[in-house]
1. When we measure straight from the Cα of residue 274, which lysines land under 23 angstrom away, once same-chain ones fewer than 8 places off are left out?
2. Take the residue pairs 3/109; 104/167; 2/301 and return only those whose Cα atoms are more than 20 Å apart.
3. Starting at the first residue of region 105-112, write each ³J(HN,Hα) from the Karplus equation 6.51 cos²θ - 1.76 cosθ + 1.60 with θ = phi - 60°, in whole Hz, x for Gly and Pro.
4. Using a Cα-Cα cut-off of under 17 Å, which lysines could be cross-linked to residue 260, ignoring same-chain neighbours fewer than 8 residues away?
5. Search the structure for amide H atoms under 5 Å from the amide H of residue 200, placed 1.01 Å from N in the peptide plane, and list their residues when 5 or more places away or on another chain.
6. Sequence gap at least 6, Cα distance under 8 Å: using those rules, report the relative contact order of region 210-320 to the nearest whole percent.
7. For region 100-253, what relative contact order do you get, as a whole percent, if you take Cα pairs closer than 8 Å and at least 6 residues apart?
8. Take the alpha carbon gyration tensor of region 20-113, find the square roots of its eigenvalues, order them as a ≥ b ≥ c, and report rounded if a/c is under 1.5; if not, report prolate when a/b exceeds b/c, else oblate.
Amino acid sequence: MKKILVTGGAGFVGSHLCERLLNDGNFVVCLDNFYSGSKENVAHLTGRPGFELVHHDLVEPYALDVDEVYNLACPASPIYYQYDPIQTTKSSVLGALHMLGLAKRYHAKILQASTSEVYGDPTQHPQRESYWGNVNPIGIRACYDEGKRCAETLCFDYKRIHGVNVKVIRIFNTYGPRMAVNDGRVVSNFVVQALRGEDLTIYGDGSQTRSFQYVTDLVDGMLRVMATDDSFTGPVNLGNPDEFTMLELAQTIISLTGSKSRIVYRPLPEDDPKMRRPDITLAKEKLNWEPRVSLEEGLEKTVDYFKQKLEYEKVPQMTL
Ligand code: NAD
Ligand code: UDP
């Protein structure tokens, strides 16, 4: 049985990762400050033997003797990470520093959850790991993009200087159950709007593209990366190469839900990347990994989740 620390474990991706690691027979410590995650996401795990929930902000140091660390602590939705950008940079940079220090001290393997945002508004398409990116260092997305880039830098310096066993993954847009209703990212926004019969809000003209990965595919990839030997550090892209415009996504969700919602257009946020699609050749070669869940299949599960959630939230409060 391995002892594994998952930071940001009460978030959307973290909760699925904790569940999988626990089901695989590990002892899982889930650390979170509940900034964008919630106890509700891991409520089904609390009380199970081998699961521990720790309330801690990773901006402050944290010490625990573990075998592996998955460092996910950082808000991922633009609305959340831009709400308190200084805290976002601190979470990424100080969080990585603290977890790399912990990994060094306890000889733990560490997997850093980086992002396709390190490629910024890319001038190469699809994005390969060798591309250095096109990031505006002073824009509104920089707290997240540059924070994650600096975290990658720290990983490779801890590897070079201290020999820490680091693994860096670059996650592309991921969706699925347990995204928050008010998360603000496009899939949850469109699904919730469609289910409520509200207008679907496309930012810009809807021609920008993203490639959407279902969360269980990502978790599978993360475990495969962690299982590699010391010589594999990444960075490695984990994403689904099927690319869609936001207009196509909106239309797919409207037809899947049978909603009467209309599409409306809102201003495009600053520095919003025009296109994004992972080149996953490296992941295929080194991890024998590729996504299995199609957009339709993943969206159906996501729609079912939000249907239940919204239904539950409609239940009136019990009052005297
Ligand atoms: P999320 O916001 O649901 O989860 C992040 C979790 O980290 C939340 O539970 C939050 O409360 C916690 N957190 C934030 N700051 C913290 C701090 N200082 N100390 C302790 N906990 C803190 O987002 P997610 O989609 O689950 O993303 C998880 C990770 O994967 C993030 O690091 C994100 O950057 C990365 N990622 C996700 C995607 C995606 O599409 N989901 C894409 C690229 C990268
Ligand atoms: N987007 C949109 N409507 C929304 C939310 C997002 O059109 O209600 C767009 C957003 O401008 C971006 C894409 O969808 O072009 C993906 O946005 P998201 O916030 O999910 O993630 P990003 O890839 O931008 O970090």
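1. 148
2. Values: 3/109 11 Å; 104/167 14 Å; 2/301 31 Å.
Flagged as over cut-off: 2/301.
3. 5, 9, 6, 9, 7, 10, 10, 9
4. Here the lysines satisfying the reach criterion relative to residue 260 are 307.
5. Sorted by chain and number, the residues that satisfy this are 262, 263, 264.
6. Numbers: 83 pairs, mean separation 45.7, N = 111.
RCO, region 210-320: 41 percent.
7. Working: 216 pairs, mean separation 41.6, N = 154.
It rounds to 27 percent for region 100-253.
8. On the way: a/c = 2.15, a/b = 1.20, b/c = 1.79.
Because a/c hits 1.5 or more and a/b fails to exceed b/c, region 20-113 counts as oblate.
Taken together, the values in this text are just the output of simple stated rules run on the coordinates, not laboratory data. As the structure is a computational prediction, the values presented were derived from the model and not from experiment. Every residue, glycine among them, receives a Cβ derived from its backbone with ideal geometry; neighbour counts consider all protein chains shown.
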